[in-house]
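Everything on this sheet refers to the single structure shown next.
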Amino acid sequence: MDSDQDFPSVESEKLTLLRQMVQDDTVKRELLRCLSDGIWHTTSELARFAREANPVIGLVTVGTILTRMQEQLGEHFLEQMVQKAEEGVSSWRIGVEWLDVVNEVLKQKGKPTKPSIFDE
């Protein structure tokens with residue numbers, strides 16, 4: 001993988017990081033499972049899915065998790081669409097070039113080892 005490129009490859013550091021995120025955090029796993037269909041989902045909808053893994057999670061935490069994942073995995077990992085800026089409504093989806101990779105990682109066996117919602 002070129003250092004200038006944000007797209008995943010089989011041997012990339014970003015793919016390894018994605019695997020660790022999914023394995024180690026049930027909230028991230030639920031968020032990615034929801035987003036893995038490739039369609040737009042509002043932050044509110046994503047928060048409902050995340051609450052299945054952690055009942056106290058809220059909109060701000062979901063937005064923070066998604067933003068951090070994007071920062072770690074590159075600008076092409078997630079797409080964000082602000083629908084109503086004055087109301088803070090935005091939608092998210094996985095970037096097209098990441099969809100197959102995310103779906104493959106989610107299929108891999110392995111239970112999450114911790115239900116943390118925070119990054120290292």
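Miscellaneous remarks
- Here Val82 meets the list (1) hydrophobic (A, V, I, L, M, F, W, C); (2) exposed (fewer than 13 other Cβ atoms within 10 Å of the Cβ); (3) at pLDDT 90 or above almost entirely, failing just condition (3).
- The C-beta contact set for the range 3-30 (first residue farther than 16 Å from Arg68 by Cα, second residue of a type in the set (Val, Ile, Thr) and at pLDDT below 80, distance under 8 angstrom, 6+ apart or interchain) comprises Gln23/Thr113.
- Qualifying residue in the range 50-63 (condition: without any contact (Cβ under 8 Å) to a residue 24 or more places away in the chain, basic (Lys, Arg), assigned to a loop (DSSP other than H, G, I, E, B) and closer than 28 Å to Glu13 by Cα): no
- Of the residues making up the range 64-77, just one is in contact (Cβ under 8 Å) with a residue 40 or more places away in the chain, under 10 Å from the mean Cα position of the chain (by Cα) and surrounded by fewer than 18 Cβ atoms within 10 Å (Cβ to Cβ), namely Arg68.
- Of all residues in the range 64-79 being outside any helix (DSSP H, G or I) and among the charged types (D, E, K, R), the one that is modelled with the lowest pLDDT: Glu75
Each row is one residue, and each column tells you yes or no for (1) touching a Ser or Thr at 6+ places or on another chain (Cβ under 8 Å); (2) farther than 18 Å from Gln20 by Cα; (3) among the aromatic types (Phe, Trp, Tyr).
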{"position": "Glu52", "(1), (2), (3)": "no, yes, no"}
{"position": "Glu71", "(1), (2), (3)": "no, no, no"}
{"position": "Met81", "(1), (2), (3)": "yes, yes, no"}
{"position": "Arg93", "(1), (2), (3)": "no, yes, no"}
{"position": "Glu97", "(1), (2), (3)": "no, yes, no"}
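The values are calculated or read from the model by the stated rules, or taken from the named source; none is laboratory data. Just so it is clear, the model here is predicted, and its values are computed rather than measured. Don't worry about glycine lacking a Cβ; one is built from the backbone with ideal geometry, like all the others, and counts go over all protein chains shown.
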